[in-house]
Amino acid sequence: MTSFPEPTDPAGSRSEVFLRYLDYFRESAVAKVSALAEPELRQSRLPSGWTPLELLKHLRHVELRWIEWGFQGRAVAEPWGDRRDDRWYVAPDETLSDLVAALRAQGAHTTAVMSAHDLAQIGAPGPRWNGADPASLERVLFHLVQEYARHVGHLDVVAEIAGGPTGE
């Protein structure tokens, strides 16, 4: 697993800091979900009803929505493809390995976008912004880091209840 990006570790740029945190949280989510027993992947242990596989799929779509659909302004066929009937959804035929591969591929795309743009660059106008002015890449990345950190914390709780790995 990727090691925690300590604040005292030298980094060549703010972009590198964002990449380290995103990589760490992405791989932490993968490790926590992958360590759960198969029956735990598709059941919820929480009143809200989400499952670990649903959360993994959600994280992939969060990056898709904020980087491709938002910052890049690309047409995305299903930006909310992680939802059905106003809740997270994973089809019965979607597997852990498929979802992990999709999340990692989305992460590779985020890395490529970050490598090609300055953090101060403003995103392309488009429907992601709901009529507001587009955000800078730095603001988008900050949002992604907090989204990942929050959800990895959720996974800590679920993994502990299910007897899986906890903590950093």
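The values are calculated or read from the model by the stated rules, or taken from the named source; none is laboratory data. If you're wondering where the values come from, they're calculated on a predicted model, not measured in any experiment. Reconstructed Cβ throughout: ideal geometry from the backbone, glycine too, with neighbour counts over all protein chains shown. Keep in mind that these areas ignore ligands, DNA and RNA; they rest on the heavy atoms of the full protein, side chains included. Shrake-Rupley method; radii C 1.70, N 1.55, O 1.52, S 1.80 Å.
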Inter-residue pairs, beta-carbon under 7 Å, first without any contact (Cβ under 8 Å) to a residue 60 or more places away in the chain and part of a loop (DSSP other than H, G, I, E, B) and in region 44-59, second open to solvent by less than 20 Å² (accessible area, probe 1.4 Å) and of a type in the set (D, E, K, R), 6+ apart: none
Collect the residues in region 80-128 that are under 14 Å from the mean Cα position of the chain (by Cα), surrounded by fewer than 16 Cβ atoms within 10 Å (Cβ to Cβ), within 19 Å of V33 (Cα to Cα) and not charged (D, E, K, R), keeping them in residue-number order. A101, A105
Checking Q72 against (1) surrounded by fewer than 22 Cβ atoms within 10 Å (Cβ to Cβ); (2) in contact (Cβ under 8 Å) with a residue 60 or more places away in the chain; (3) not aliphatic (A, V, I, L, M): exactly one of these is not met. Which one? (2)
Picking from P92, P134, the residue that is part of a loop (DSSP other than H, G, I, E, B) and either closer than 17 Å to E68 by Cα or modelled with pLDDT under 95 (or both) would be P134
Could you run through region 19-43 and say how many residues are surrounded by 16 or more Cβ atoms within 10 Å (Cβ to Cβ) and either touching an Asp or Glu at 6+ places or on another chain (Cβ under 8 Å) or without any contact (Cβ under 8 Å) to a residue 60 or more places away in the chain (or both)? 6
Can you pull out every residue in region 129-168 that is surrounded by fewer than 13 Cβ atoms within 10 Å (Cβ to Cβ) and under 20 Å from V30 (Cβ atoms)? Q146, R150, G153, V157, I161, G163, G167, E168
Would you confirm whether any residue within region 105-112 is of a type in the set (S, T, Y) and farther than 28 Å from G12 by Cβ? no
